[in-house]
Amino acid sequence: MNAFDSAALGQPHAGLRPFLAQLPDSFWMPSQASSVASEVDTVFFVIYWISAFFFAIIVGLMVLFAVRYRRRREGESVAKTAHHSVALEVTWTAIPVIVSAILFVVGFKGYMNLVTPPRNSYEISVTGQKWQWFFTYPNGYVTSELHVPVDRPVNLTMTSEDVLHSLWIPAFRVKKDLVPGRYTRAWFEATEPGTYPLLCTEYCGTGHSDMLSVVTVHESGRFDTWLEQAANLYDTMPPAEAGEMLVQRKGCVQCHSLTGAAGIGPTFVDMYGHSFATKEGTQIVADDNYIRESIVDPMASIIAGYEPVMPTFAGKIKDSEITYIIAYLKSVSSLGGTDEDEAAAADGEGTETEEASTEEVH
Ligand code: HEC
Ligand SMILES: [Cu+2]
């Protein structure tokens, strides 16, 4: 997959609905796409077969004895049974102790490995927020889908802005909770380039099951190019188009429709230039400054008729990105949305960066 295909994956939801259809080759397990996957599966299957073995013996003997020693006649006296056998008791104590001890050692080694990222790990920070993921790369670029290099340990430092979330990448056999007010971490080394499902397994809340995303594992040497192109992508596009892509990628479309339909928040169609009543009863015109404020400090004023549920995007969106979103909102508004001068100015900026980044890529 090249950088551009993965850019097209930008819409966090529409393309991911048939999520289960992406689940893997084997009937029992997702493909093993990380360095620890086969070890985790081995432990799982050892426990599985031990359980199956004891299940068969215990249930089998239980059924056999129930039939063999059932009462055959009215008034039949109870058969004499042995009540004590030191040999038997020692055996059925010792064998499970040995088996559990072996499983403990194997499991503990695996656990220690899973919680100790190698020193040269690539650092990505992860934030869970109702109801989406934010992945922040060392250069400050933020995505709602995870991108990682192949064959390189990646360390995720994770926290939550609101409630418990839990990040799960089945193909990597990695799962870890994100806890508000605390940092947790998970690491993995992806071994196969490709795209794998990533999801939230915390289901005590309405939207966790919508936190469907993907991990893209880039082929060797391609990740840095992807990151650089992706980080500059918006600057190389017409501002309104960049804005349209941004409102999808940043998850705004979960609450704001692009069709005029009502949602959790007001539709983006004709939002720019519209005059809204706030909860306090004042009138506000959605102009550039108000839109910027709504994005970085949504609680500053709440539109009447809506719940104050919009998360702040402060620190998760660049100033230039806000400018592109405003350009997009203008382009879908019939209420004074065509500010030629500003669009042209932003366009000029974009062209400069385009030249710069094209040079670097070729
Ligand atoms: C979880 C749902 C949710 C998400 C995600 C969300 N918003 Fe909102 N937004 C709302 C709600 C609800 C309101 C109305 C209440 C208020 O004013 O805060 C609102 C209000 C706004 C307003 C002011 C609206 C007006 O009519 O004046 C703007 C602008 C806005 N959002 C832009 C965005 C942008 C841009 C994004 C993505 C970067 C975004 N929102 C993400 C729910 C959301
Ligand atoms: Cu969640």
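Read-outs throughout are calculated quantities, based only on the coordinates presented, and are distinct from any laboratory measurement. Owing to the predicted nature of the structure, the values given are computational and were not obtained by experimental measurement. Neighbour counts run over all protein chains shown; Cβ positions are idealised from the backbone, glycine included.
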Per residue Cα convex hull volume in Å³ - calculated over the stretch 145-235: 109
Rounded tilt (10° steps) of 319-331 against the dominant C-alpha axis of the chain: 70
Where chymotrypsin sites (Phe, Trp or Tyr not before Pro) fall in DSSP loop in the stretch 109-155, at most 16 other Cβ within 10 Å: TYR141
Over 29 Å (Cα to Cα) - which of LYS109/LYS250; LYS279/LYS330; LYS109/LYS316 fall in this group: LYS109/LYS250; LYS109/LYS316
Choice from VAL63, VAL253, VAL99 showing the highest fluctuation, given a GNM over the chain with Cα pairs closer than 10 Å: VAL63
Reference-scaled alpha-carbon Rg (2.2 N^0.38 Å with N residues) for the chain: 1.37
